[in-house]
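Right, one structure below, let's go through it.
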Amino acid sequence: MSSSIGVLNYFAFFTLYFICFVFIYQKFSELVGFSILIVINLAFLLFSLNDVMAIFQRSLFFVPIVACFAIVSGLVLHSVVIIFILLMSNNLQAKYSKKYGGPITLPKKYQNKMEIIKRLMIASFCLGFVILYVLFYYYDDLKHSFVILLKNVELRSFYDYRVLFLTLGASLALMGISGKQVFDANEFFKLSRQQLMDK
């Protein structure tokens, strides 16, 4: 994965994600940003899956396996969150336009929830790219038995094996953030169904 073409491909995806995040923070291009983001996210999942699965299959150690699982599950859950947001937006927009004849305005409570989802989305994106970077360029630092390290844990171990511990922490954080995003997005989806039932 150290080829210049591979690096350029990942950099291109990084740039596209960044542009989408700018769009989702603009008031009138938010839905366009999410719509493009789902396409880019699915494309990146398919693109990176081959590299991640190659690492997963050859790995005999706990932390690289967890890191690979975190990347794949994070991308899948990220896609689910965006789908929930798009479905909620379309359903509520149809209901709101019929009733008020204008663009939808979310209540303050849900505006705050949407802001949290966006921030978590950016955090999971950053964590995912950091984990991928470590997997591709610092894989040798992850080739240690985590169980043996825990049995002989010393304060110095955290410094000597900092890449290992930080990667594990980032992987667990990515899975936790992804789960939290799905939970919050599901609340929006429930709101949209409830609104549609209120005729």
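Kindly check whether there is at least one residue in the stretch 144-160 that is modelled with pLDDT of 80 or more and surrounded by fewer than 19 Cβ atoms within 10 Å (Cβ to Cβ).
Looking for residues that are modelled with pLDDT of 80 or more and surrounded by fewer than 19 Cβ atoms within 10 Å (Cβ to Cβ), one finds none in the stretch 144-160, hence no.
Residues in the stretch 17-30 that are among the aliphatic types (A, V, I, L, M) and either crowded, with 17+ Cβ neighbours inside 10 Å or touching a residue at least 60 places away in the same chain (Cβ under 8 Å) (or both): 1 in all.
In the stretch 118-134, the residues that are touching a residue at least 40 places away in the same chain (Cβ under 8 Å) and in a helix (DSSP H, G or I) form no Cβ pair under 7 Å with any partner that is crowded, with 21+ Cβ neighbours inside 10 Å and basic (Lys, Arg), whether six or more places apart or across chains.
Taking the listed residues Leu75, Leu106, the one that is at pLDDT 90 or above and under 19 Å from Asn186 (Cα atoms) is Leu75, with no other qualifying. Going through the stretch 6-49 one residue at a time, which ones are in a loop (DSSP other than H, G, I, E, B), over 20 Å from Leu87 (Cβ atoms) and either within 14 Å of the chain's Cα centre (by Cα) or among the polar types (S, T, N, Q) (or both)? Passing the criteria: only Gln26.
The values are calculated or read from the model by the stated rules, or taken from the named source; none is laboratory data. In this text the structure is predicted, and so the values were computed from the model without any measurement. So basically every Cβ, Gly included, is an ideal-geometry build from the backbone, and we count neighbours across all protein chains shown.
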